[in-house]
Amino acid sequence: MLVNLDQVLKKAKAEKYAVGLFNTHDTDMLEAAISAAEEARSPIIIGTAEVLLPYGDLPLIAPALVAAAKRATVPVVVHYDHGLTFEKTMEALKLGFSSVMYDASAKPCDANVAETKEVVKIAHAFGATVEGEIGHVGLAQDGDDRNGQYTTVAEAVDFQTKTGVDALAVAVGNAHGVYKSKPCLQLQRIAELNAAVACPLVMHGGSGLSDDDFANAIDRGIAKMNIHTDMVCAGMRAMYESCDAHDRGNIATWDYLDTRKAKVAAIKAVVARKLRLFGSVDKA
């Protein structure tokens, strides 16, 4: 069933588990994620991000995402992740996304607040929810030094109060992509943010964190975890292995459908494992 963030994250925050966002910018990833969630009886968040649109055009993938959510037997949020432009974020809402993230975190604070507040006003009129970001979650290859861009309690409370966002992404030592060194999450900061901020907290850059990192972050108050890189890596490994198992000199024996099947199974296994780690199994 198609739902928004409020319908899954408030319960997660109260009961100290997290709901996973799995970016599913093609139907192979979509099939893997939904089937894993249904088998686990877990709520799930699926979607795509603005930086991924060259690999899955929004008008093309949106109908599949929304249709899969509506027919699923568990709660499914269709979320537009890291909306960097107002125009594309509005397009996602018009295409039926039940939630959007408007990410103006790289802009000056006043601009972030003003632009996010406007998106919240419009999205709520659609019946959709909005995630914002304060602080700035950078790229893993940038290293652990965020140059003072970790989220502070004061700015998080101020941002959420002024914008009315339904979920807030925070920078607490997490990063996007493949970590080149062991991340050092600011667990005490997460606990302080959770105690002070009215809405559920979100952690981006979940791929590459350890099981202990996940457990500790969720215990301190993270209610939404974002995963993408782990899914891509698992899918790529499965395709390489499947291709290597065939005779590349004889293309007739190279079974495309078997390769696709292996890719879906590998991504599904990643999603299933994350759902267990996040504690969302049987929470549908």
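Label separation (Asp258 vs Ala114): 6.0 nm, computed from points 7 Å beyond Cα along the C-beta direction. How much of the accessible area of the chain, in percent, comes from carbon and sulfur atoms when a 1.4 Å probe is used? Solvent-exposed carbon and sulfur of the chain make up 55 percent of the total.
Roll a 1.4 Å probe over the protein chains and send me the accessible area per residue for the chain in Å².
43
Label sites at Val281 and Glu241, each approximated as a point 7 angstrom past Cα along Cα to Cβ, lie 2.1 nm apart. Run the numbers on the chain and let me know its relative contact order in percent, using alpha-carbon pairs under 8 Å that are six or more apart. The normalised contact order for the chain reaches 23 percent. Springs join every pair of Cα atoms under 10 Å in this Gaussian network model of the chain, and among Gly206, Gly47, Gly56 the largest mean-square fluctuation is at Gly56. Pairwise Cα distances in the chain exceed 27 Å in 36 percent of cases. Between Glu15 and Phe86, full extension at 0.36 nm per residue minus the direct alpha carbon distance yields a gain of 22.2 nm.
Comparing Leu93, Leu257, Leu21 in a Gaussian network model of the chain, where Cα atoms under 10 Å apart are tied by springs, the biggest mean-square fluctuation is seen for Leu257. Taking amide hydrogens as placed 1.01 Å from N in the peptide plane, the amide H of Thr48 sits under 5 Å from those of Thr24, His79, Asp81, each at least 5 positions away in sequence or on another chain.
The values are calculated or read from the model by the stated rules, or taken from the named source; none is laboratory data. This one's a predicted model, so the numbers in the text were calculated from it and none came from an experiment. So basically every Cβ, Gly included, is an ideal-geometry build from the backbone, and we count neighbours across all protein chains shown. The protein model used for the area step is the full one, side chains on, heavy atoms only, and it has no ligands, DNA or RNA in it. Shrake-Rupley method; radii C 1.70, N 1.55, O 1.52, S 1.80 Å.
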